[in-house]
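Chemist: Sending over a structure as structure tokens; questions will come in a sec.
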Amino acid sequence: MVNLVFLGPPGAGKGTQSSYIINDYKVVQISTGDILRSAVKQGTELGKMAKKYMDEGKLVPDDVIIGIVRERLKQDDCKNGFILDGFPRTIAQAVALDAMLKDDLNISLTHIISLEVDDNLIMERLTGRRTCKGCGKVYHIKYNPPKKDGVCDDCGGELYQRDDDKEETIAKRLKVYHEQTSALKDYYKNSGKLYVVNGFGEVDDIYRKIKEILG
């Protein structure tokens with residue numbers, strides 16, 4: 001059984017590594033952004049509450065997010081285990097998650113993995129991304145460039161840099177991430193379940209390290 005919290009800054013490669021874990025361990029990935037949008041779309045009571053805050057441009061309160069995570073974890077596809085991505089973000093959320101898992105679901109987290117990559121490398125990874133306006137295919141000016149500069153290989157569409165791939169936006173996201181996560185790592189250190197993995201290098205090599213941790 002793998003009940004995993006995946007920590008890591010934007011661009012660290014959590015999505016790529018999660019896809020390997022899902023395939024090998026038959027667990028589900030739970031992204032709070034995805035389940036919030038799903039709850040809103042389904043019109044659940046908690047979804048309606050979340051929508052009210054989102055429509056007003058406010059952060060959704062912890063108790064609403066915890067409630068939505070609880071609803072999601074009670075679904076049948078989570079019985080084999082899960083990966084939590086993007087949650088918890090704060091100590092308060094981590095404490096509430098532990099209590100909810102213990103009291104409501106009678107399970108606990110098995111691993112907390114922090115996938116760590118140097119900020120400069122993340123900046124290079126993310127600012128180098130270019131997305132096709134036509135088909136949405138993603139390129140990288142250094143690691144995966146198109147055959148013709150600024151033009152999509154597949155559909156001939158124009159490539160552009162998304163706003164959230166611009167340096168100023170990424171710098172802000174990294175700052176927030178480090179402020180929140182350093183405290184979270186301290187919290188989880190005491191659990192004996194925290195593992196730090198270097199996210200720089202070949203994807204398969206990184207996954208090999210993760211698999212050794214998960215067993």
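Chemist: If I filter region 53-69 for residues that are touching an Asp or Glu at 6+ places or on another chain (Cβ under 7 Å), within 29 Å of LYS175 (Cα to Cα) and at pLDDT 85 or above, do I get at least one hit?
Modeler: no
Chemist: From MET100, MET123, MET54, grab the single residue that is assigned to a helix (DSSP H, G or I), over 30 Å from ASN144 (Cα atoms) and open to solvent by 20 Å² or more (accessible area, probe 1.4 Å).
Modeler: MET54
Chemist: Okay, next question. Anything in region 158-209 that is small (Gly, Ala, Ser), assigned to a loop (DSSP other than H, G, I, E, B) and touching a residue at least 24 places away in the same chain (Cβ under 8 Å)? List them, or say none.
Modeler: SER191, GLY199
Chemist: Here's another thing I want to ask about it. Filter region 23-45 down to the residues that are of a type in the set (Lys, Arg) and in a helix (DSSP H, G or I), then identify the one that is farthest from MET1 (Cα to Cα).
Modeler: Looking at the filtered set, the residue picked out is LYS41.
Chemist: Also, I was wondering about something else. Quick one: count up the residues across region 16-47 that are farther than 30 Å from VAL203 by Cα and surrounded by fewer than 13 Cβ atoms within 10 Å (Cβ to Cβ).
Modeler: Adding up the residues that qualify gives 4.
Chemist: Further question: If we keep just the residues of region 168-208 that are modelled with pLDDT of 95 or more and charged (D, E, K, R), which is surrounded by the fewest Cβ atoms within 10 Å (Cβ to Cβ)?
Modeler: It comes out as ASP204.
Chemist: Go through the residues of region 64-85 one by one and say whether even a single one is among the acidic types (Asp, Glu), open to solvent by 20 Å² or more (accessible area, probe 1.4 Å) and closer than 30 Å to LYS209 by Cβ.
Modeler: For region 64-85, residues among the acidic types (Asp, Glu), open to solvent by 20 Å² or more (accessible area, probe 1.4 Å) and closer than 30 Å to LYS209 by Cβ: present.
Chemist: Another one. Working only within region 138-157, note down all residues that are over 24 Å from the mean Cα position of the chain (by Cα) and either over 10 Å from GLY128 (Cβ atoms) or in a strand (DSSP E or B) (or both).
Modeler: Across region 138-157, the qualifying residues are PRO146, LYS147, LYS148, ASP149, GLY150, VAL151, CYS152, ASP153, ASP154, CYS155, GLY156, GLY157.
The values are calculated or read from the model by the stated rules, or taken from the named source; none is laboratory data. Everything numeric here is computed off the predicted structure, so don't read it as measured data. Cβ sites come from the backbone with ideal geometry, for glycine too, and all protein chains shown count toward neighbours. What goes into the accessible areas is simple: the full protein's heavy atoms, side chains included, and nothing from ligands, DNA or RNA. Shrake-Rupley method; radii C 1.70, N 1.55, O 1.52, S 1.80 Å.
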